[in-house]
1. Do the conditions hold for D41, that is, is it open to solvent by less than 100 Å² (accessible area, probe 1.4 Å), charged (D, E, K, R), modelled with pLDDT of 95 or more and touching a helix residue (DSSP H, G or I) at 6+ places or on another chain (Cβ under 6 Å)?
2. If I filter region 40-96 down to residues being over 17 Å from the mean Cα position of the chain (by Cα) and basic (K, R), which single residue comes out as nearest to A28 (Cα to Cα)?
3. Would you check which residues across region 34-61 are of a type in the set (A, V, I, L, M), in a helix (DSSP H, G or I) and closer than 24 Å to R6 by Cβ and list them?
4. Quick one: which residue in R80, R31, R64, R76 is of a type in the set (K, R), part of a helix (DSSP H, G or I) and surrounded by 13 or more Cβ atoms within 10 Å (Cβ to Cβ)?
Amino acid sequence: MATRLRQPQVERELERLYRLHRREVFRAVLRDVGNPDEAEDVTQTAFLDAYRALQRGDEPLRPRAWLLTIAQNAARRRYRARAAGPLEVELRAELLVAPDETG
């Protein structure tokens, strides 16, 4: 059974995990999403999710694998949310209609 950590312990543990694994998590996410800005967003979301899990009392046996799984799930959630939303397309200048100059 997981023991609940006190808030300062949770924060110290997250800080330790972040220092040890942030680069590796970012690189793994970047391989999946292909965009550095999006990879940074997903990495931040993953560490926020890890923080919440630590607050609930989760204690990872293999922290690296645990964080990579959290990051992969965060990337999937982001992809699903985008897929469910409206499709954004770039407006091409040649398709614009010129305003009527006659007034």
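The values are calculated or read from the model by the stated rules, or taken from the named source; none is laboratory data. Because the structure is predicted, anything quoted here is derived from the model rather than measured. Glycine gets a Cβ as well: all are built from the backbone with ideal geometry, and neighbour counts include every protein chain shown. Surface areas here come from the heavy atoms of the whole protein model, side chains and all, with no ligands, DNA or RNA. Shrake-Rupley method; radii C 1.70, N 1.55, O 1.52, S 1.80 Å.
1. Numbers: open to solvent by less than 100 Å² (accessible area, probe 1.4 Å): yes; charged (D, E, K, R): yes; modelled with pLDDT of 95 or more: yes; touching a helix residue (DSSP H, G or I) at 6+ places or on another chain (Cβ under 6 Å): no.
When the stated conditions are applied, D41 does not pass them.
2. R62
3. Initial filter on region 34-61 (of a type in the set (A, V, I, L, M)): 39, 42, 46, 48, 50, 53-54, 61.
Right, trim to in a helix (DSSP H, G or I) and you get 39, 42, 46, 48, 50, 53-54.
The answer is A46, L48, A50, A53, L54.
4. On the way: R80 fails: surrounded by 13 or more Cβ atoms within 10 Å (Cβ to Cβ); R31 fails: surrounded by 13 or more Cβ atoms within 10 Å (Cβ to Cβ); R76 fails: surrounded by 13 or more Cβ atoms within 10 Å (Cβ to Cβ).
Exactly one of R80, R31, R64, R76 is of a type in the set (K, R), part of a helix (DSSP H, G or I) and surrounded by 13 or more Cβ atoms within 10 Å (Cβ to Cβ), namely R64.
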